Each structure stands twice: as C-alpha cells, then as structure tokens.
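Participant: One structure, as structure tokens, below. Some questions next.
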Amino acid sequence: CAVKAAHVLSEIAKNEEMKKPCIEADLVLTLIPLLESTDQEMLLHAGRAIGRICYDNRALQEELVRVGVIPSLVRILTDYAESEPLVHVALLALYNLADLDSAREALSMTKVAEQLVKQLKRAESHERLEIVFEVLQALAENDALKVQLVDAGVPEVLSEILLRLQGSSQAEDTCIVKAASDLIVSLLLGAGAHLSEELKVAKNNAKDIVLILARHEISQGKDSLNSEFASLFGNCLRMFQLGVVHQLLDLLEKHIQSRDTSVQQAALSALQNLAIPVVSKVQMLEEGIAERIEALLRLESPPVQFKLLGTLRMLADGQADAAEILGQDPQLLSRLVQWCSASDHSGICAEANRLLASILHHNRSQEVVKAIQAAQGVKHLVSMTTSEHAAMQNEALNALAIASAIDLETLEESFKESQLVQSLHKLLRDDNTSPEVKYNSMGLLCRLLNSGDLRQEIEENKIKDTLEQLCSHSNANVAKEAITTLQLLRGET
C-alpha cells in the first residue's frame with residue numbers, strides 16, 4: 001500500500017491547510033527513505049509529497065538537506081534522465097533547495113553539473129529550460145559548483161542555445177535568450193573563495209566588479225590577487241573561443257529597437273565583462289569587435305550606449321593599440337564630445353568622459369592627442385578634474401598628464417582657455433580633496449611647468465604658497481610630491 005499512501009499524501013499536501021498536520025505527523029522523515037526506491041511510481045509520489053509539504057518552509061528544507069535528500073535527487077536525475085515526470089520533480093526540488101548554502105555544499109560533492117547539462121541539451125519546452133536555468137543560476141553562486149558547471153560544458157550548451165534562438169522574435173525565445181545571457185554573466189563573475197572583502201561585497205554587481213578589476217589592474221598581472229582570478233579569465237576566454245561575443249553582438253543588433261530592454265542589458269553585461277582579460281582584448285580587436293560596437297553606438301538607445309561605452313573603455317584599458325584605433329576615429333570622438341556635456345543623460349555623460357580619458361591615458365601616439373584636441377575634447381577632461389567622484393578626477397588628471405608628456409605644445413592653448421591651472425590650484429587648496437587627487441594634481445602641474453606660458457600662470461596664481469603648505473601634509477606621498485613640485489617650480493631640479 002506504500003505507493004498508494006504516498007499518492008494520497010501528495011494529493012493532500014496540495015492543500016495549504018493540510019501541510020501543518022503533515023509536518024506534525026513527521027510524514028516528511030517517513031517519506032524520505034522512499035526516495036531510495038527503484039519503483040518509479042513510488043519515487044514520483046513521494047517526491048511530490050515531500051516537495052509540496054516543504055515548499056516555502058526553510059526550516060524543513062534545511063532538515064531535508066541534513067538527512068541526505070540531495071544525493072537522492074541527483075540519483076533520480078541520473079538513473080531516470082529519460083523520465084519526464086521524475087526529472088520534473090527532481091528539478092523542482094533542486095530549484096527550491098538551491099538557495100540554501102548547505103544544499104549547494106552538498107551538491108558540490110555530487111555530479112549534478114553533468115546531469116543538468118544533459119537536461120539542458122534534451123530540454124524541448126521553454127518551461128523545462130527555464131527551470132534548469134534557475135537551478136544553474138543559484139548553483140553558480142558556489143565557487144566549487146561554478147567550476148564544475150564550466151567543466152561540464154555549460155558554456156558550450158549556452159552558446160548553442162544562443163545560436164539556435166538568435167533569429168527568433170517570439171517572446172518565449174526572448175526570455176530564454178535573456179536567461180542564457182544572464183547565466184553567462186554569473187559564470188564569469190561568480191565570487192571566488194579567496195577574494196578580498198571589497199570583491200565579496202561587490203559580487204552581485206557586475207559593474208562594481210569591473211571597476212575593481214580595472215583599478216587593481218588584475219588583467220595585466222600587476223596585482224597579488226591575479227592568481228585567484230585565473231578561473232574567471234579562463235571562463236572569459238572559453239566563452240570567447242566559443243564565439244559568444246559575436247553571438248551577443250548579433251543579439252544586440254536584432255533587439256536594439258525592442259521595447260523589452262532585458263535582453264539588451266543581459267547581453268551587454270556579458271559583453272562588457274568578456275572584455276576584461278588582456279588576451280580577450282587583443283582577440284576582440286583583431287576580429288573587429290570595436291568597429292561593431294562603434295556602429296551600435298550610433299543607435300539612439302541610452303541604456304545600450306552607456307553599456308557599450310563601458311565595453312570600449314574596458315577594451316582600451318592597458319591596450320595602446322586599442323586606444324590608438326579609438327582615438328583616431330573622428331566620428332567616434334565627435335560623438336563622445338557631444339555626450340561629454342549631455343546633461344539629460346548623466347550616466348552617458350560620465351561614461352563618455354571616462355572613455356575619452358582612457359583613450360588618452362593608454363595611448364602613446366601624438367596623432368591621438370591631436371585628434372582629441374581637434375575634436376575639442378580637452379576642455380571636457382579639464383572639467384572632469386573637478387568631478388564629484390574622486391575616481392573620475394584621478395582618471396582625468398592621469399590622462400592629461402600623459403597627454404602633456406606626449407605633446408604639451410598641442411594642448412597648451414586648450415589648457416589656458418579651460419583654466420586648467422586654476423582648477424588644479426582649487427583642488428590643492430580644498431581640504432576635502434582626497435590625498436590621491438592632490439598627488440595626481442601635482443604630477444600634472446610638474447608636466448605643465450615645461451610650458452613657458454603655463455609656468456607663468458602657475459606663478460601668477462601663487463600656487464607656490466599652497467605647495468609650501470602641502471609640504472607638511474599628513475599624507476607622506478602628498479608631502480613628498482609637494483616638495484618635488486616646489487623644487488621644479490623654483491628651478492632647483
């Protein structure tokens with residue numbers, strides 16, 4: 001009678017009011033051993049009963065994991081992979097448990113990744129794909145499971161799905177495409193076990209992680225954290241080799257006019273983060289990705305423009321070749337300069353300024369400096385030095401210092417017109433200016449002293465007095481730089 005009893009319980013548990021009596025009667029613990037049965041009907045009814053009784057009850061779900069339900073669910077997926085009802089029950093159970101850390105830890109000791117890949121490949125309905133995606137998204141939060149998912153071939157299957165559906169305009173297919181793109185982002189950005197606290201806090205925000213990676217220059221191997229991101233960059237390269245980047249761009253071009261921006265955002269997030277590793281940057285440039293991105297920038301969609309500007313900035317980061325390509329495109333520079341003062345889109349305005357600064361910072365060509373000067377972009381970078389964000393201030397100051405070292409003569413007139421010297425003096429006098437900004441401001445001042453006219457402006461603005469005060473600044477680097485700048489100003493070095 002056990003099969004029939006389990007069937008009755010699974011029907012009773014549909015009623016919300018009956019769940020409590022089932023729990024009080026300890027029926028869950030009685031049903032769990034039945035999941036070891038080889039009778040498929042028994043497995044089906046017992047699985048449904050357990051799932052319905054424990055639904056939305058975290059304490060009971062934790063108890064299920066503690067008494068060993070995870071291996072039983074994976075066994076059902078493995079032994080009965082062709083049984084649609086049993087697979088559905090097992091997937092629903094995993095979906096409900098996958099948010100628990102204890103469940104993820106238990107799953108990391110199984111071969112669940114291989115079984116989920118198998119179900120992804122054989123899924124025929126949108127509903128089945130969606131539930132597998134949901135389970136995968138939750139599991140990708142666990143470091144060990146994320147590695148297993150990549151090794152089991154999840155990126156390859158996602159690539160196949162994107163290729164298969166990229167030409168479809170059906171709403172259901174669009175949802176699947178978005179879910180696949182979101183999962184790519186999760187696999188790229190899952191937090192590592194030994195990340196710094198800064199990255200742990202930012203692990204759910206793709207943009208924050210990109211900024212942290214850029215700041216630490218991890219992609220160039222200049223940070224001690226580099227080895228801990230080996231798997232992250234390996235995942236990026238694997239995605240790239242599968243052709244995912246071109247597929248994402250194809251998706252963008254197709255959905256660019258769509259009112260539903262969810263697909264756009266998912267594809268753009270994946271694209272931006274695929275541009276992090278140095279090897280990816282080089283491959284993207286060689287395959288003409290920058291040109292495709294520039295073409296998309298001409299379309300009037302602010303969210304897309306914002307993300308694409310960030311992607312171009314990632315491509316230019318540390319890559320003189322990329323900076324030179326972007327910095328000598330008159331159409332791109334003209335558009336960037338327009339956006340640099342776009343008050344109706346503050347995000348795009350900021351990102352355009354940052355891209356302009358990045359091009360100057362990473363470029364080593366006099367032609368690029370002249371091109372940005374001709375496009376009237378210098379005044380915007382001078383304005384950026386007074387941004388309310390210290391990160392943007394530093395980016396502008398460093399970019400202008402490098403450009404001044406390359407070709408100060410070309411920039412001299414623009415610096416005078418935009419009152420760069422006065423802006424730098426204001427930063428140095430302001431007690432609220434961060435030490436790093438003060439330090440970089442003096443670094444730029446040292447470059448400007450190579451111009452007779454600008455040196456005269458510096459002397460007339462009595463910056464010398466401010467520098468003398470900074471020689472006793474509490475920050476040792478600021479004080480040291482103030483002494484150096486004063487020596488240069490006095491002609492002592």
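The values are calculated or read from the model by the stated rules, or taken from the named source; none is laboratory data. Everything quoted here is computed from the prediction, not taken from an experiment. We place every Cβ from the backbone using ideal geometry, glycine too, and count neighbours over all the protein chains shown. Accessible surface areas use protein heavy atoms only, side chains included; no ligands, DNA or RNA. Shrake-Rupley method; radii C 1.70, N 1.55, O 1.52, S 1.80 Å.
Participant: Across bins of 10 angstrom width beginning at 0, how are the C-alpha pair distances of the range 1-114 distributed, in whole percent?
Facilitator: Here the calculated profile for the range 1-114 is 15, 50, 31, 4.
Participant: When the dipole is taken about the Cα centre of the chain, and only Lys, Arg (+1) and Asp, Glu (-1) are charged at their Cβ, what size is it in debye, to the nearest 20?
Facilitator: Computed charge dipole of the chain: roughly 160 debye.
Participant: Please tell me the relative contact order of the chain in percent, rounded to the nearest whole number, where contacts are Cα pairs under 8 Å and at least six residues apart.
Facilitator: This gives 7 percent for the chain.
Participant: Spelling out what I want: for every residue of the range 114-128, take phi, set θ = phi - 60°, compute 6.51 cos²θ - 1.76 cosθ + 1.60 (Karplus), and round to whole Hz; glycine and proline get x.
Facilitator: Going residue by residue, I get 4, 5, 5, 4, 4, 6, 4, 5, 9, 5, 9, 9, 4, 4, 5 Hz, with x marking Gly and Pro.
Participant: For labels at Asn432 and Gln469 in the simple 7 Å Cα→Cβ model, what's the distance in nm?
Facilitator: 1.6
Participant: If you don't mind, another one. Determine the alpha carbon to alpha carbon distance for each of Lys307/Lys438; Lys281/Lys438; Lys178/Lys254; Lys20/Lys146; Lys254/Lys307; Lys118/Lys146 and list only those over 25 Å. Don't skip to the answer; put the middle values down first.
Facilitator: Numbers: Lys307/Lys438 30 Å; Lys281/Lys438 32 Å; Lys178/Lys254 13 Å; Lys20/Lys146 36 Å; Lys254/Lys307 17 Å; Lys118/Lys146 16 Å.
Cα-Cα > 25 Å for Lys307/Lys438; Lys281/Lys438; Lys20/Lys146; rest within.
Participant: Using only alpha carbons, build the gyration tensor for the chain and give me the equivalent ellipsoid semi-axes, biggest first, whole Å.
Facilitator: Equivalent ellipsoid semi-axes, largest first: 57, 25, 17 Å.
Participant: Over the range 332-472, what is the relative contact order in percent, taking alpha-carbon pairs closer than 8 angstrom and at least six residues apart?
Facilitator: About 21 percent, as a whole number.
Participant: Magnitude of the Cβ-charge dipole of the range 48-105, K/R +1 and D/E -1, about the Cα centre, nearest 20 debye?
Facilitator: In total the dipole reaches around 140 debye.
Participant: In what sequence, highest mean first, do 464-470, 426-432, 443-449 appear when ranked by Cβ atoms within 10 angstrom?
Facilitator: 443-449, 464-470, 426-432
Participant: Relative contact order of the range 72-132, please, whole-number percent, based on alpha carbon pairs below 8 angstrom and at least 6 residues apart.
Facilitator: 36
Participant: Once the dipole of the chain is set up with Lys and Arg at +1 and Asp and Glu at -1 on Cβ about the Cα centre, which of Ile131, Gln469, Thr174 lies farthest towards its positive end?
Facilitator: Farthest towards the positive pole: Gln469.
Participant: Can you give the Rg to Rh ratio for the range 386-481, taking only C-alpha atoms and Rh from Kirkwood?
Facilitator: Answer for the range 386-481: 0.94.
Participant: If you don't mind, there's one more thing I want to ask. Under unit Cβ charges (Lys, Arg +1; Asp, Glu -1), what dipole magnitude, rounded to 20 debye, does the range 343-411 have relative to its Cα centre?
Facilitator: The calculated dipole for the range 343-411 is roughly 100 debye.
Participant: Non-local amide H neighbours of Val67 (under 5 Å, H modeled in plane, Pro and chain starts lacking H): which ones?
Facilitator: The list, which skips near neighbours in sequence, is empty: none.
Participant: Near Ile53, within a Cβ-to-Cβ distance under 13 Å, what is the net charge of the other residues, with Lys and Arg +1 and Asp and Glu -1?
Facilitator: Result for the local shell: -2.
Participant: Can you tell me the accessible area per residue over the chain, all protein chains present, probe 1.4 angstrom, in square angstrom?
Facilitator: Accessible surface, normalised per residue, equals 45 Å².
Participant: Just order 98-109, 147-158 by mean Cβ neighbour count inside 10 Å, highest at the front, would you? Show your work: numbers first, answer last.
Facilitator: Numbers: 98-109: 17.8, 147-158: 20.2.
Those peptides, ordered most packed to least, come out 147-158, 98-109.
Participant: Take the Cα radius of gyration of the range 110-149 and divide it by 2.2 N^0.38 Å, with N its residue count; two decimals is plenty.
Facilitator: Working it through for the range 110-149, the quotient is 1.12.
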